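Beneath this line is the structure, given in structure tokens, with notes to follow.
Readers should treat all values here as calculations from the given coordinates under stated rules, not as data from a laboratory. Worth saying up front: this structure is predicted, and the values here are computed from it rather than measured. Cβ atoms come from the backbone with ideal geometry, glycine included; neighbour counts cover every protein chain shown.
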Ligand SMILES: *Cc1c(COP(=O)(O)O)cnc(C)c1O
């Protein structure tokens with residue numbers, strides 16, 4: 001059955017998958033959501049025998065129903081190839097009773113690669129299908145990892161340009177170096193004087209500026225988004241939960257049909273929403289454990305039903321989760337509001353006006369699948385040190401937040417369900433914080449000395465993504481104020 005995509009904020013006509021991918025954000029500022037969640041149409045035992053690409057095809061064909069089999073398989077094969085440093089693409093690693101789903105084996109060593117290696121192909125295929133001749137301009141706000149993954153995906157892709165805005169003082173040194181050394185003449189990287197929420201709000205504002213959009217169309221450009229507000233980001237993320245389930249089955253860790261829990265270190269709520277979609281498709285998932293760092297707006301939301309961003313923004317050692325406005329939560333709100341676009345719209349208006357909203361009791365009752373937890377900086381560091389000490393496995397800071405929340409959850413509930421922890425970044429991406437957590441003595445070392453030391457400690461080869469930036473030269477040094485973002489885009493496009 002065809003899946004169409006409608007906006008969370010209006011009753012406007014639904015669009016096809018390819019059109020939703022092209023647009024990124026709906027015209028009314030809402031997010032595109034599938035009009036129904038398709039059910040998995042193969043037996044779980046079949047999953048166990050499939051490789052990553054096969055699973056990806058089985059899942060994505062159900063959501064992207066206007067893509068032909070040939071188109072979709074082509075996108076999948078171009079995306080999940082030798083760019084990943086392991087045949088498994090997303091290997092499961094067991095450590096001290098939990099399963100870490102390593103989503104960081106792609107070209108920029110963070111889980112964003114899982115979706116951003118395929119998005120450029122989905123997007124250019126969508127453009128072709130819809131006879132779009134305009135150049136597509138990808139505008140992206142990043143808290144550190146999306147930026148590089150999107151740049152790597154779109155660099156020198158014909159018919160596209162990409163502009164990435166990141167918080168100048170809000171990303172790790174390695175994240176910044178990865179972005180500002182990006183080659184490709186269709187790329188622009190800009191550090192803004194503000195935090196991630198400012199960057200994200202600025203990008204959304206440009207998207208919903210109708211006059212600007214028309215002016216661009218007149219010049220042969222149209223915008224799209226590589227952020228997880230784009231359904232083309234979300235759908236590929238559903239696949240790895242399904243794949244993980246198949247792997248657990250194949251390894252004999254679970255019986256067919258047995259439920260698993262999923263733990264996700266969360267920022268913009270995209271990754272965990274993908275797990276929720278996987279569950280809604282019929283994958284046997286019990287709890288969806290949403291792990292936050294000290295910016296625990298989501299934890300508070302699950303506790304109280306009040307989403308309140310009016311609080312101090314904290315810079316933590318897990319910067320990709322330093323977010324107070326979790327965009328994708330809107331898709332969940334819409335769902336638990338019974339797909340009531342008006343009610344959802346009111347709440348989102350309240351969020352942008354007063355910085356908060358409260359869901360109804362009835363909506364709250366529909367959140368039973370979720371469990372919210374958080375870990376502070378000290379606990380996060382201690383979790384890295386603990387696991388390293390116990391078994392030599394080194395987690396990155398984001399995964400450590402999730403791992404810590406998982407331990408707290410087990411302690412609190414006694415739930416012994418087999419659990420998959422989404423391992424969202426390589427420790428090499430956050431080397432300094434990781435090494436400091438293991439031992440204070442590393443503080444005095446240089447960044448790349450630390451990299452080599454981490455490689456020695458963990459017994460893991462330095463990833464190509466890090467070797468690459470050791471000597472790469474900086475090619476982007478543009479900075480701007482939040483209210484100059486639009487001008488920067490103009491300048492880059494030469495209009
Ligand atoms: C983006 C990111 C997250 C948060 O994912 P969301 O989909 O935004 O919730 C967590 N960890 C890492 C390493 C990330 O890059």
**OP:** Counting only DSSP beta bridges with both residues in the chain, tell me the antiparallel percent, nearest 5.
**Re:** 25 percent
Subject >> 11 Å cut-off, amide nitrogen to a point 7 angstrom out along residue 314 Cα→Cβ, residues in the range 373-401 >> reply: 374-380
Subject >> residue 259 paired with residue 219, simple spin-label distance in nm, labels 7 Å along Cα-to-beta-carbon >> reply: 5.4 nm
**OP:** Can you tell me the relative contact order of the chain? Whole percent, Cα pairs under 8 Å, sequence separation 6 or more.
**Re:** 19 percent
Original post:
Under a plain spin-label model, where a point goes 7 Å from the Cα along Cα-to-Cβ, how far apart in nm are residue 168 and residue 460?
Top reply: 3.3 nm
Original post:
Normalised by the number of residues in the range 185-314, what is the relative contact order in percent for Cα pairs under 8 Å and 6+ residues apart?
Top reply: 17 percent
Original post:
Which whole-number percent gives the relative contact order of the range 311-452, counting Cα pairs below 8 Å spaced six or more residues apart?
Top reply: 19 percent
Subject >> Sum of -39500 (n - 2.57) over DSSP H runs of 4+, divided by residues of the chain (222 nm, nearest 500) >> reply: -13500 deg cm²/dmol
Original post:
Calculated FRET efficiency, residue 346 and residue 408, Cβ-Cβ r, R0 22 Å, to nearest 0.05?
Top reply: 0.05
Original post:
When averaged across all projection directions, what area in nm² does the alpha-carbon convex hull of the chain cover?
Top reply: 21.1 nm²
**OP:** Assuming R0 = 45 Å, can you tell me the calculated FRET efficiency for the pair residue 416 and residue 13, based on Cβ-Cβ distance, to the nearest 0.05?
**Re:** 0.40
Original post:
Between residue 479 and residue 208, what is the label-to-label distance in nm when each label sits 7 Å out along the Cα-to-Cβ direction?
Top reply: 3.0 nm
